[in-house]
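So the structure is just underneath, and the comments pick up after that.
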Amino acid sequence: MNAKRIPTKNDIARLISELDLTETLLLLDCLRGVQFWIKDANGRYLRVNQTFQLDYSLTSMAEANGKTDHDLSPPWIAEAFRADDSLVLRGQRIVNRIELISGYDRVLRWYQTNKLPLRNHRGDFVATAGIAILLPDLKGPSFPLPQLAPALEVMQDETKTSLTNSGLAKLVGLSVSAFERQFRLHLHTSPMQFHRKLRLARAAASLIQSPNSIAEIAQRFGFSDQAHLSRQFKEVYGSTPSFWRDKHSKSRQP
C-alpha cells in the first residue's frame, strides 16, 4: 500500500493561495475584546472586525472602509499608528507590545498589540495587519505584567520628569538593569522614552483641547521651557507645537 505523500511547503502555500478566505475572516468577529484590522499601504482600512467597529462606534465594516487613523483617532494617536505602519511596511514586525492607547473617546487603556506586513504575489509589502487585545486594569490580578504594573501606574499618572529608572526599579523590586530589560522586552522601548512619549502625547492633546499657552503646556508636562518642548515635539510629530495647534484646532471647528 502506497504511503500518503506529506505535503510540502509549496503545496500548502498553493492551497492557501487558492482559498477564498472571505468567510473565514468572519471568524474574527467572534473575538471579544480583540481588535483586528487590515490597512493598505496608504493607511486606509480594508477590513476590520466587529470589536473594532464597536470600539470606534462604527455601524458596519463598510463604514470603516477607506478611512484612515486620522478619521478615527485623536491626531496624537493617529500619528503614532502612522509611524508604526511605516516601520511594518518595511518588513518590521511588532510582537506582543504592551502600550497605552486612547481611542475615539480619549480614554487611556492598556493593550497588547501585534502588527505584521502583508505581501502581494510578487513578494512586495503592500498592506499591514494587526490585532490589539484589550488588557485588564493595571491593578487587577489578570494584568499580564504584574511586576511592572506599579511602575506603569506611576508613569501613567506622573506628568513631570521626576521619575528615574532607579526609583521605578526600586518600586517594583528589581535591579535597574533587570527593570530596564523587562521594560524593553514588553514595551519595546526604554522606560524614560516611554514616559517622554506619553508626556508628549498629553501635550499634543492639550495643545488642541486647552487655551493654555505653549509655555504653560510645556511646564505642565515636565519640559524645561517652550523651546525644549518644541524640539522634542518635532522629533515625534514632525511639526512645531504652534503648527500642530493651528492645524488640528482648525480641523475641529464646525
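Just so it is clear, none of the values below were taken in a lab; they were calculated from the coordinates. All figures in this text were calculated on a predicted structure; none of them were measured in a lab. Because the Cβ atoms are built from the backbone with ideal geometry, glycine has one as well, and the counts that use them run over all protein chains shown.
Go through the range 170-178 residue by residue and turn each phi into a ³J(HN,Hα) via Karplus (6.51, -1.76, 1.60, θ = phi - 60°); whole Hz please, and just put x for glycine and proline.
Computed from phi, the couplings for the range 170-178 are 5, 4, 9, x, 10, 5, 4, 5, 5 Hz.
Compute the distribution of all C-alpha to C-alpha distances in the range 20-134, in bins of 5 Å from 0, and list the percent of pairs in each, rounded to whole numbers.
The percentages, shortest bin first, are 2, 12, 21, 28, 23, 11, 3, 1, 0.
Based on the alpha carbons, how large is the Rg to Rh ratio for the range 149-251 when Rh follows Kirkwood? Don't jump to the answer; show the numbers that get you there.
Working: Rg = 15.0 Å, Rh = 14.5 Å.
My calculation puts Rg/Rh at 1.04.
With springs only between Cα atoms under 10 Å, which of Asn165, Asn212, Asn65 fluctuates most in a Gaussian network model of the chain?
Highest fluctuation of the listed residues: Asn212.
Once R0 is set to 30 Å, what does the formula 1/(1 + (r/R0)^6) return for the Cβ-Cβ distance between Leu134 and Arg184, expressed as a FRET efficiency to the nearest 0.05? Mind showing how you got there, number by number?
On the way: r = 23 Å, r/R0 = 0.76.
After rounding, the FRET efficiency stands at 0.85.
Which pairs in the list Lys170/Lys234; Lys160/Lys234; Lys115/Lys247; Lys67/Lys160 are over 25 Å apart, alpha-carbon to alpha-carbon?
Details: Lys170/Lys234 33 Å; Lys160/Lys234 19 Å; Lys115/Lys247 29 Å; Lys67/Lys160 35 Å.
Too far apart for the 25 Å limit: Lys170/Lys234; Lys115/Lys247; Lys67/Lys160.
How large is the charge dipole for the chain, taken about the Cα centre, if only the Cβ atoms of Lys, Arg (+1) and Asp, Glu (-1) carry charge, to the nearest 20 debye? Show your work: numbers first, answer last.
On the way: 34 positive and 25 negative charges, 118 e Å.
Its charge dipole is roughly 560 debye.
Among residues other than Ala149 whose Cβ falls under 13 Å from its Cβ, what is the net charge (Lys/Arg +1, Asp/Glu -1)?
Numbers: positive: Lys139; negative: Asp137, Glu153, Asp157.
With Lys, Arg at +1 and Asp, Glu at -1, the net is -2.
Compute the signed sum of charges (Lys and Arg +1, Asp and Glu -1) over the other residues within less than 12 Å, Cβ to Cβ, of Ile38. Walk me through the numbers before you get to the answer.
Details: positive: Lys39, Arg44, Arg47, Lys115; negative: Asp40, Asp85.
Local charge sum for Ile38: +2.
To the nearest Å, what is the center-to-center distance of the range 35-97 and the range 120-135, using C-alpha atoms only?
Rounded to whole Å, the Cα centres lie 10 Å apart.
Give the share of C-alpha pairs in each 5 angstrom bin for the chain, from 0 to the last occupied bin, in whole percents, shortest bins first.
1, 5, 11, 14, 16, 16, 13, 10, 6, 3, 2, 1, 1, 0, 0, 0, 0
Length gain on complete extension for the stretch Asn96 to Val154, per 0.36 nm per residue less the alpha carbon to alpha carbon distance? Display every interim value, and only then the final one.
On the way: separation 58, 0.36 × 58 = 20.88 nm, distance 2.18 nm.
My answer for the length gained is 18.7 nm.
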